[in-house]
1. From the list 79, 125, exactly one residue is of a type in the set (A, V, I, L, M, F, W, C) and either closer than 17 Å to residue 8 by Cα or surrounded by 14 or more Cβ atoms within 10 Å (Cβ to Cβ) (or both). Which is it?
2. On the basis of being touching a residue at least 40 places away in the same chain (Cβ under 8 Å) and either not in a helix (DSSP H, G or I) or not assigned by TED's automatic domain parsing to the domain that holds residue 282 (or both), does residue 240 make the cut?
3. Would region 102-115 turn up any residue that is of a type in the set (Gly, Ala, Ser), over 27 Å from the mean Cα position of the chain (by Cα) and farther than 26 Å from residue 281 by Cα?
4. Within region 1-20, can you find the residues that are among the aliphatic types (A, V, I, L, M) and either part of a loop (DSSP other than H, G, I, E, B) or closer than 14 Å to residue 107 by Cα (or both)?
5. Where in region 71-184 are there helices (runs of 4 or more DSSP H), lying fully within it, with 3 or more residues that are acidic (Asp, Glu) and touching a residue at least 24 places away in the same chain (Cβ under 8 Å)?
6. Please give the number of the condition residue 75 fails out of (1) assigned by TED's automatic domain parsing to the domain that holds residue 188; (2) in contact with a Pro (Cβ under 8 Å, 6 or more places away or on another chain).
7. Report, by residue number, each residue of region 246-288 that is part of a strand (DSSP E or B) and either of a type in the set (Gly, Ala, Ser) or at positive phi (or both).
8. Given the criteria closer than 17 Å to residue 124 by Cα, more than 18 Å from the chain's Cα centre (by Cα), at pLDDT 95 or above and surrounded by 15 or more Cβ atoms within 10 Å (Cβ to Cβ), does residue 282 qualify?
Amino acid sequence: MTKISTIGLDLAKNVFQVHAADAAGHVVLRCRLRRREVIAFFEKLAATNGPCLVGMEACGTAHHWAREIERLGYKARLMPPAYVKAYLKRGKSDALDAEAICEAATRPSMRFVPIKTLEQQSLAMLHSVRAKLVSQRTQAYNALRGHLAELGLIAPKGEVGQARLIAMVMDEATPLPPASRFALSSLVAQIATAETEIDRLDRALIAEHRASETSQRLATIPGVGPVTASAVRARIGDPERFETGRGMAAWLGLTPLEDKSAETVRQKRISKKGDRYLRRLLVSGAMGLIKQARRKPDKWPHIVRLLARMKPKQAAVAIANKTARVLWALLVKGGTWQPDHRPSPYLPAEPAAAA
């Protein structure tokens, strides 16, 4: 059999599609594998053919399979599905998907997704579950507010208003029909359960944050707390894959889109591409800095100047953009945030001396 140099593996829950090609790109093997057959197939192939490049689309289970395949000596590469789509020919099937993955993995210009370690995935799960519970708590609060408003009972926004909503349901003196009180008490119980679990996850995140030297260094940046610092460690992976801090900010979707034509360059809205969760945390931290700047303008003069020429939400994105660049610098170069630090001016390399 011709030596296989590249394999495209289309991942699924139970049935996986394999497309193998040689160095010239010619098809050597096409087959389907059940989940239990995947590891045995690659073990046998490694013994007869030798390890090769295995390409996969980045998805929920891709990091697990990439680790397992690399354990057998292969070189695994994960790619964003949107980048693989350009290599998909007419039609849509598992076989065509695997063929497109195989071809995309060989492109020198392809951008690959770093393979996460088991520790990174575990830390990311803490954040994902916490975000889900926060979302469910917010939905329950909004439902409680809406149902009480239907009965003419309202409360202000914020934590004070939320506590007042719960008090209305729990207070027997509140004029609520029995059926309404019974139904709304379920929402109150859901909120209480969510808050208990969120507190438990927060304690786990803080404990993990205190045990990590990198996380503590990142938390010295204004607007970055334990949750954001640990989320950066869990989701960024290798920061050196970004050449500059701007590259990481662009990956987070915090840089504007550009419309270029000849010498004309127009900047549009921010791209909002990349990791939504990290972008939301950075923007939320920036909004917190803006609130502080309004209370203490002498402490944050640069934010005050920023607010003088743009809207608060625009300023928050600009601050988040800068924070992302500082995060990259600390991850790559080490150290902690220094308020009086000024980056060194760029100096072009001197021409090499003539021989």
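1. On the way: 125 fails: either closer than 17 Å to residue 8 by Cα or surrounded by 14 or more Cβ atoms within 10 Å (Cβ to Cβ) (or both).
When all the criteria are applied, what remains is 79.
2. Working: touching a residue at least 40 places away in the same chain (Cβ under 8 Å): yes; either not in a helix (DSSP H, G or I) or not assigned by TED's automatic domain parsing to the domain that holds residue 282 (or both): yes.
So residue 240 passes the test.
3. Residues of region 102-115 of a type in the set (Gly, Ala, Ser): 104-105, 109.
Next cut, over 27 Å from the mean Cα position of the chain (by Cα) only: none.
No, the conditions are met nowhere in region 102-115.
4. From region 1-20, those among the aliphatic types (A, V, I, L, M) are 1, 4, 7, 9, 11-12, 15, 18, 20; that's our starting set.
Passing the criteria: 1, 4, 7, 11, 12.
5. Details: elements: 81-84, 94-105, 118-150, 158-170.
Where helices (runs of 4 or more DSSP H) fall fully within region 71-184 and carry at least 3 residues being acidic (Asp, Glu) and touching a residue at least 24 places away in the same chain (Cβ under 8 Å), they are 94-105.
6. Failed condition: (1).
7. Start the filter on region 246-288 by keeping residues that are part of a strand (DSSP E or B), which leaves 256-261, 264-270.
The answer is 261, and nothing else.
8. Details: closer than 17 Å to residue 124 by Cα: yes; more than 18 Å from the chain's Cα centre (by Cα): no; at pLDDT 95 or above: yes; surrounded by 15 or more Cβ atoms within 10 Å (Cβ to Cβ): yes.
No.
The values are calculated or read from the model by the stated rules, or taken from the named source; none is laboratory data. Please read all numbers here as calculations on a predicted model, not as lab measurements. FYI the Cβ positions are ideal-geometry reconstructions off the backbone, even for glycines, and counts take in every protein chain you see.
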